[in-house]
Structure formats: structure tokens, C-alpha cells
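Everything on this sheet refers to the single structure shown next.
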Amino acid sequence: MKISAYALGAVSALALGAAAQADEIVIYTNWSVDHVDAFERSFEAANPEIDAVFFRAPIEELFTIIDLENRTGQLRADVIIFGDSTRANELRDAGALAPIELTEEDKAAIDADLQDPEGIIAPYMIQPVVVQYNANLVPDASALDSWTDLLDPAFQNRVAMGDPRVTGMVHPALYVLTSYLGESDPDNFGWGFVDKLATQNPRLETGHRGIRDLVALGEMAIAIQTVDNAVRSVAEGEPTGYFYPVEATPALYQSVGVVAASAELESAKTFAHWLIGPEGQGLVNTVIGALPVRAGVPVEVGESLEEMRERANVVVLGPELTQDVRESQTTQFYERRGNSPTQL
Amino acid sequence: MTFPVFGLKLSFGAREAVWAATIALTLYFIALPVGYLFYSAFTVDGVPSLANLWDFFFSDPRMLTAARNSLVFAVSVALVSVLVGVPLAFGVSRTDMAWKELVRTTVLVAIITPPFLRAMAYILLFGPNAGQINVLLRSWFFPGMTSGPFNVYSLEGLILLSTPIGIAQVFILTSTALSQMDPALEEAARTSGAKIGTTIARITLPICRNAILAGALMSFAIALSLYGTPHLLGIDVVTTQIRAALLMPVNFEAAAVLSTVITAIGLVALVAYRQATANASRFQTVTGKGFRPAVMRLGPWRHAFTALGVVYGILSFVLPYGALVAISFFPTLGVIPAWHELTFSHYFYVFTSDSTLRAILNSLFLATASATVCVLMSVVIGYIIVRSRSRLAGLLDYVAILPLALSGIAVAVGLILIYSSQPFVQLRLYGTHWMLLIAYIALMLPVALRSVQTALMQIGPELEEAARVAGANWFQSMLAIVMPLIKQGVGYAWVLVFLGVIPELSASILLRQLGNDTVATILLDLWGGAGGFQRAAALGTATFLMVALVFFITRKLTGRDAFGVVESKGNA
């Protein structure tokens, strides 16, 4: 990307507003900066006629911005990479998204259960949620395999998780703990589990990369973590490990959508097709560390869904996590956790 | 040109046009967002109502806890700032303590250090489990402990981390008063046989009472408006709740109510501050007459003051920046590297990444634009206040310093409310650099005004009158007479605003949009989840060096050894 263009843009934006360049598409995402840089380079190399501009923020913040932009009639995104399918469904139902129009080849390569029946949004990634730990602080890592390990008194004040108000990727974990497992094993799970977790005084962070850093430092011993951060942490030599909770490992499939009002609709669709195509799907695994949705794309980093399923009950989630469910989870979580740990 | 208005003939020339435009801009930048906040908080469907206040504040225990935390936090910061800042100011200004210049510099550095940067460093040092100082202390003194002894993730941690900026306020105001005081009373006391301790307690400190009070109130207001540090430490205060109210599902009413609450508390502090400084004239021993009070020889006590200065310098500067610099060279977290494994890669990232470079450029551009607009407005506003004897001048003075009571996050909420509503939504300013620029101008105008106003007060009106007699109009006399005489104050004001805008976080984080990330927002983003602690540390270190360079060049060029009265609201 041209930095000089941004400097000029900062000045011109004052006078002209946010006038998009002819071949520029704006992509809203919750990816980390490393992921953004890698995807941007690869996409622009494959599509030199399109300039991809990414804007990243934590999921909840990102959708706040989208909401405010919608209110002011100034939605600037051409492509939205959704942290979860629910938000995608909501915008789709509101008529804000244009059909991506999967090719027959795409349809054949992507699990039909994940595909949008209306063909408007498209799945691009499966993100399992795991438990990450600091290997120096866990005496016997091989003994860890359950959500209940988070409740070990040895980890008092050393459990980290995403703040449900800010980061959407903690909601799949809350969902399986309270609803999915709450129904099948109410004695050990359900909101009672969260009550017990609250007594551990979990540290809430706004992003999973921050959680990874705290676990790597040893400030936190164990955490609810997204698989991409867990995988990359191990790959980069940090003293960490992770496991799939055997009772239920949530795996959220995430979608990409194209804004109907985009001035660069075709370019936006080109990006979406590239992302769900072989190259984009390869990067989903090798760069992000998550699972591709496209069959035939090798899983080089971490484990495939099938391999995970050999050791844990992997629960693929999508539309279950509605806005109402997330809001309810956030409210209940805070009620049970109490206010700030430093409340007077 | 003359207009008949309500039976009066008002002369309306170029000067009046400039005045009117400046007053209108001041109202637009400051009064409009504040007014809209109050309107949104105290109306329901346009009808005056206290329902929002009840629903989103008084009936919500979480908000009450946040408000209580905010008050305890702000009061504690003010108290600790006085307890540490006054002895430091006294030691540096009036005693024979050692390393005075070093201590003075260290204290002033707090003003240009974003508080949340210090918080990042202290998480690395005093994190209860793996903070390096805690680990060291446990290994030396508490081998049985697995956690602590310090916990940065606490209200106490928040107070101590936020205190340096309060100490700097108290230090600046008190040391200025101490160095300008008439020594006659002290000498009289000593001649009458009073011991040095009695003289300090009975004479020196009471004379500085108003300066100390003003410093304490500024510390209170700054702490109240902080967002970054409580956010990083996970402590619920009003500012963090305002941010939470603007996350999905967006609750404008709650954000407006909370912003109003924090603004109201800030206004009380501001009024008290105005009272304290307005009454300063009663203490005629503190003047600008160029006294040079004698240095007090403290004997062995000088070592106590030196020790206080050294401990403060270590805690507020050496340790945090040492930690940030160290980790910025670490290749991998959680593994102590050998010397040859240290890496510059995180700095390489900072200076090659599109997002960080864009943020740096945005910050530089916005700081430059804000400083320029603030200074231009300050010259006109300051001139009206100093030269005009109308009620308008008094009113303008109050409106222009109003932002001292405002949190950046409250200003941002006001701006979002305005520019997402009719008719202002038609301006399509939401999400543009304009929004940030307006917020920065609103927040930093008092900082520029103070410096410019002080410079204007030192010029008698005779020179301008002479120019007018010689046929010069207002513009000509301003350009030929006034501006050359106040250029140092103007330049200083420009730098103060520039330095205040670079690390501004609390407004920036709410107004963050595509393409308008600033250094502060990208720093928080890197730390919180986008890029990792080491990159955040590298960017924080680089930002500090950049700002410090401007700071020290300015000190060198202007020859001013203190920051004047700096109401630094920008780095919350």
C-alpha cells in the first residue's frame, strides 16, 4: 500500500470526505495485523488491478462502527469479513449484502451445511475455540483435557478469557458451556459452571492475541483461546500448549459478505471469491492457523477437523449465536462474575 | 459598516467579523457537543425528563460502582499527587537537594508520557503472577508466595500508575509559586527564631496553598477523564462504561448520561479550580516580580528529598521505559533471550507497516492542524478576554476553559450524537478526520489559550493605541505590534497542543474509523490483540522518543524551565 497516498488521503479526506479510489475496495475484518498484511499482499499480487484497504478492529467494536456508519448512511466497507455468521445473517436479512454467487465448483468444494441457502454470504473459515496454557505453569499438561480444568484452584487469578462485551469469539465457548453442555450435563455445566469460573476471578481481555501474550508471559496460566492464536504461539516457540476440551470443542464458522451498496461491487466479489478459493483458503490455514472450509485444501498448521474429532466432540456453530443470545450471554456473564474485581 | 441592532448602532468591521467568527467557532467546538450531551441525557423524545438518568445510572448498580470507583480513583490521585508533588517541588525549587534538574526533567516527562503506556510497562513489571519485579521480590523475600506481592490489576495499581501526571501538575504549579514568592516573610520568621521546619510549615506552604489546591484539582480532573489505563487494567470506571455503552448493542442514551455525569463532576472541580486561582490575588506575596528566594540548606534532610526524587524517577521513568525498551527487543514472549537473540524486527515492523505508518502520519497531521487552529483561535479569544471589558469576555473565558472539565470520551460521545443526528448528519463528518480534529481542538483549546493569554497580559495597550493613532487598523496593529511580542507564547502554545494531541486516546478510540487510526489507537490495538506486546512496546518507545525530541528542542529554544500551567487533557 502506498503510504504517501494515505498521507495525501488524510488531507484530502478533510476536504472531500472519504471518496474511494476507482479500484479500491475497503475490507472490514477482525483479523490481526499480521493476517491483514499477508492476505493483502497475496490478494493484490493475484489481482493487481484491485487495491485492498483493510480496516481491523475487535468484532464487537467493528460491528459498532458498522452500525454507526449505517445510521449515518456512510457505510464505507465493500467487503465485510464477519467474525460470526449471525451478524452476516442479520445484514443479509436487512438487504445490506449482495449475493456472492458461488460457482458450481465452490458449491461442490464447501460443506453444504455451511452454505447460505440464499447464496448471499459465504463461509470462509472454521475457528475452533480451545484451552491454552502456559507449559511452565502446568505440571502435567497431558492430564488436561476438560473445561473443568479451568476451575482448578491452582489457577485461581490465572485464568484469562475474552471480554464478551468486546470480543465475539468468546461467545462460542460460553454457548457450549451454558447451553449445549448445560442441557446434556446440567450438573457440571450450564450457568453454574460460569458461577464457578467467576470464583477463579478470570481476567477479561479485549483480544485473543492479548490473551496469548499474557499466557506466554506466564501472567496467566490457562485461558479460553481461539485455535489460531494457540497454534501460532506454539509454532513461534512460546512456552505454551493447548487442548481441545473433550466434552465439547466449539468451532465457529465465519463468513464473508459483499456490501450491496458498494461502488466496487465486482472487485468486492472478486475478493470474496478469492478468499473462498484455493489460495485464500490455503492462507486461512497457513497464515491465520484456522481451518479452511474448502475441501482439498491441506491443513498444514494445526489439525484438521477430522483429527480434532478423534479426540474431542467438536461442535460446529453458526447461526445459533444470534444477537439476542450474545447479549443474553454477556448480561448473564457479568451478573454472575460481578462487577470489576476491584469493586469497592 | 454600521448596523442598527435593537435600536443601537453597532459598528461591524473586519475586526468584529474575526471576533464573531472565533466566538462562533468556540461555541461550535465546545458548547455544541457539551450542550448536545446534556440535551440527550435529560430529554426523552425531545421532552425534558430524568428517566434516562434513573434508568442508565441511578438504578444500575454497575454504573454506581463505576462512578464510585472513578471518584475514589480521582480523589486518591489528587491526594497522592499533593503528597509527592509538593515535597518534590519544594525540594527542587527551594532546597539544596541533589540532582534537581534530573528530577525536574523526570517529573515533566510524565506530561508527555501517555498514562496507558506506563500501564503497559507496569503490567510487565508488576503483573501479580509473572511481573518481573514481583517474581524478583518473591524469590528474594517471599519464597512461599505464588502471586504478588503487588497486583497492578487493582484500584490501587490504577491510582499509582496514574499519579505521575497528577504529580507533574502539582509540581509545576507549586514550584512556579515557590520560585516566585517574596522571601521577606520567610526571612522574618527565621529572624524571629523560627526553625526551618516551622518556617516551611507556617509560612512557605500556606503561601503556596492555592497553587497546591489548583494542582490537586487538575490532577482530580485528569484522573477522572482517563480511559486508557483503567481499560488496560480492567477496572470499571465511568469512562470505560461509556465505551461499553457504545459497543453493540449501541446505547446512546446510556453513553450520554454517563458522559453527563462525568462532565458534571469535572465541572465542579473546574469551578473549584477557578475559585482557587481567582483568589490567588489575595496572596500578593506570590507575584511575577522576579524574586529569587534563597536556597534553604536542609542539612541531612537534603538526602531525604534527593531520595524521594530518585525513587520517583525510578518508578515513573526508569522502570517503565526500561521494561518497554527491553521487551521491544524480545523475539519471543515468555523466553528470556540471549544477547545475540535480541531483535530489531518489531521496530522494523513499526516503521514499515502500513497501519502504523498511516497512524503516525495521521497523528502528526492532526496534531499540526489542531495546534494551528487552537493557537489562531487562542490569539483572538485571548485578545478579547484581555482587552475587552464586556461581559462577553467573561463568558468566553468560561466557555474556552470548559474543556478542562471534559473527558475526551465525553466529547467524542457528544460529537457522535451530533453528527449521527439530523440535521448535522447531512454534513457527513462522521468517520472523517474532521471529527477527530474537532475533538482535539475542543479538548486542547484551554491549553493554548492559557499560554497565549499569559503572553498577551504582559503587553500594555499603549503600543497598539499608538499604532492606531498612526493610522494602523486592527489587523495591522495585531500583525505589526502584538504578534511579534507574543510569538514566543504562541509558539509555546503550539508545541503544547501538538504534544498533547499525539498521545490522545480517550476521544480517538471512540472516533476510530477506517483510515483515521492514530498512534494511540494503534498502540492500544497492537497491545490488545492485533499485533502483540513487543510491537506495542516498540511503537510506544518510538512514539515517546519522537515526542520527547519535540519537547526538549522546545525547552532548549524557548529557554523555559517549566511547562507553565499545563492543563494536559490530551493524553487520557
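The table below lists the values:
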item: Accessible-area composition of chain A, carbon plus sulfur, in percent [1.4 Å probe]; result: 50 percent
item: Relative contact order for chain A, counting Cα pairs under 8 Å that sit 6 or more residues apart, in percent; result: 25 percent
item: Estimated inter-spin distance, residue B:480 and residue B:198, nm [label 7 Å along Cα→Cβ]; result: 6.2 nm
item: Whole-angstrom gap from region A:70-85 to region B:374-393, using each part's C-alpha centre; result: 45 Å
item: Selection from B:73, B:112, B:63 lying farthest towards where the dipole of region B:1-129 points positive, charges on Cβ; result: B:112
item: Positive dipole terminus of chain B, leading residue within B:408, B:459, B:86 (C-beta point charges); result: B:459
item: For region A:30-98, diffusion coefficient by Stokes-Einstein and Kirkwood Rh (Cα), 4 °C, 1.567 mPa s, µm²/s; result: 98 µm²/s
item: Estimated buried accessible area (total), pair A and B, 1.4 Å, Å² to nearest 100; result: 5700 Å²
item: Antiparallel DSSP beta bridges within chain A, as percent of all bridges there, nearest 5; result: 60 percent
item: Residue among B:489, B:376, B:509 farthest towards the positive dipole end of chain B, charges placed on Cβ; result: B:489
item: Accessible surface, chain A, averaged per residue in Å² (probe 1.4 Å); result: 35 Å²
item: Share antiparallel - DSSP beta bridges, the protein assembly as shown, percent rounded to 5; result: 60 percent
item: Chain A: most fluctuating residue of A:52, A:223, A:263 per GNM, C-alpha cutoff 10 Å; result: A:263
item: Of all accessible heavy-atom area on region B:361-457, the percent that carbon and sulfur account for (1.4 Å); result: 66 percent
item: log₁₀ of I(q)/I(0) at q = 0.12, 0.18, 0.21, 0.22 Å⁻¹ - region A:240-308, Debye sum with one point per alpha carbon; result: -0.42, -0.77, -0.93, -0.98
item: Gyration tensor verdict on region A:22-68 (Cα atoms; rounded if a/c is under 1.5, prolate if a/b is larger than b/c, oblate otherwise); result: oblate
item: Unit charges on C-beta of K, R, D, E only; dipole of chain B, Debye; result: 1240 debye
item: Carbon plus sulfur fraction of accessible area for region B:31-102, probe 1.4 Å, in percent; result: 75 percent
item: Cut-off 13 Å between beta-carbons: net charge of the residues surrounding residue B:334, Lys and Arg +1, Asp and Glu -1; result: -3
item: Computed [θ] at 222 nm, deg cm²/dmol, chain B (DSSP H ≥ 4; -39,500 (n - 2.57); rounded to nearest 500); result: -21000 deg cm²/dmol
item: Cα-derived Rg over Rh, computed across region B:187-269 with Rh taken as Kirkwood radius; result: 1.34
item: Euclidean distance between Cα centres, region B:460-481 to region B:199-227, Å; result: 40 Å
item: Gaussian network model of chain A, springs between alpha carbon atoms under 10 Å - residue of A:87, A:311, A:212 with greatest fluctuation; result: A:311
item: Accessible area in square angstrom per residue, region B:398-545, 1.4 angstrom probe; result: 28 Å²
item: Semi-axis lengths, Å, region B:456-509, gyration tensor of Cα atoms, sqrt of 5 times eigenvalues; result: 34, 11, 8
item: Distance histogram for chain B (every C-alpha pair counted, 20 angstrom bins, percent rounded to whole numbers); result: 20, 52, 25, 2, 0
item: Size descriptor, Kirkwood hydrodynamic radius, that averages inverse alpha-carbon separations across region B:419-530, Å; result: 17.0 Å
item: Chain B: DSSP helices with Cα axial extent of at least 27 Å and average Kyte-Doolittle hydropathy no lower than 0.5; result: B:61-94, B:155-180, B:252-278, B:354-387, B:433-457, B:533-558
item: Theoretical FRET efficiency, 1/(1+(r/R0)^6), r = Cβ-Cβ of residue B:136 and residue A:145, R0 30 Å, to 0.05; result: 0.30
item: Gain on full stretching of the segment that runs from residue A:23 to residue A:185 - 0.36 nm per residue minus C-alpha separation; result: 53.0 nm
item: Where N is the number of residues in the protein assembly as shown, Cα Rg divided by 2.2 N^0.38 Å; result: 0.99
item: Two-site label geometry, residue A:279 and residue A:328: point separation in nm, points 7 Å out along Cα→Cβ; result: 4.4 nm
item: Choice from A:222, A:126, A:66 showing the highest fluctuation, given a GNM over chain A with Cα pairs closer than 10 Å; result: A:66
item: For chain B: relative contact order, % (alpha-carbon pairs under 8 angstrom, 6 or more apart); result: 21 percent
item: Scattering curve values for region A:280-321, log₁₀ I(q)/I(0), Debye with Cα scatterers, q = 0.18, 0.21, 0.31 Å⁻¹; result: -0.55, -0.72, -1.05
item: Buried on assembly, region A:147-170 (at least 30 Å² less accessible surface than by itself, 1.4 Å probe); result: A:158, A:165
item: Spacing of the two label points (7 Å from each Cα toward its C-beta) at residue B:398 and residue B:102, in nm; result: 4.8 nm
item: Rounded FRET efficiency, nearest 0.05, which uses the C-beta distance separating residue B:548 from residue B:314 and R0 of 25 Å; result: 0.90
item: Estimated dipole of region A:61-119 in Debye, rounded to 20 [Cβ of Lys and Arg +1, of Asp and Glu -1, Cα centre]; result: 340 debye
item: Kirkwood hydrodynamic radius (C-alpha pairs) into Stokes-Einstein, region A:199-239, 37 °C and 0.692 mPa s, D in µm²/s; result: 314 µm²/s
item: Heavy-atom accessible area per residue - region B:299-339, 1.4 Å, Å²; result: 52 Å²
item: Taking all pairs of distinct alpha-carbon atoms in region B:89-180, Kirkwood radius in angstrom; result: 14.9 Å
item: 10 Å binning of all Cα-Cα separations within region A:152-244, expressed as whole percents from 0 upward; result: 17, 46, 32, 5
item: Cα-centred dipole magnitude for region B:283-401, charges only on beta-carbon of K, R (+1) and D, E (-1), debye, nearest 20; result: 860 debye
item: Average projection area in nm² (convex hull over Cα atoms of chain A, one quarter of hull surface); result: 18.5 nm²
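The values are calculated or read from the model by the stated rules, or taken from the named source; none is laboratory data. The structure presented is a predicted model; accordingly, all values stated were derived computationally and were not measured. Every residue, glycine as well, gets a Cβ built from its backbone with ideal geometry; the counts of neighbours run over all protein chains shown. Please note that ligands, DNA and RNA were not included when accessible areas were found on the heavy atoms of the full protein model with its side chains. Shrake-Rupley method; radii C 1.70, N 1.55, O 1.52, S 1.80 Å.
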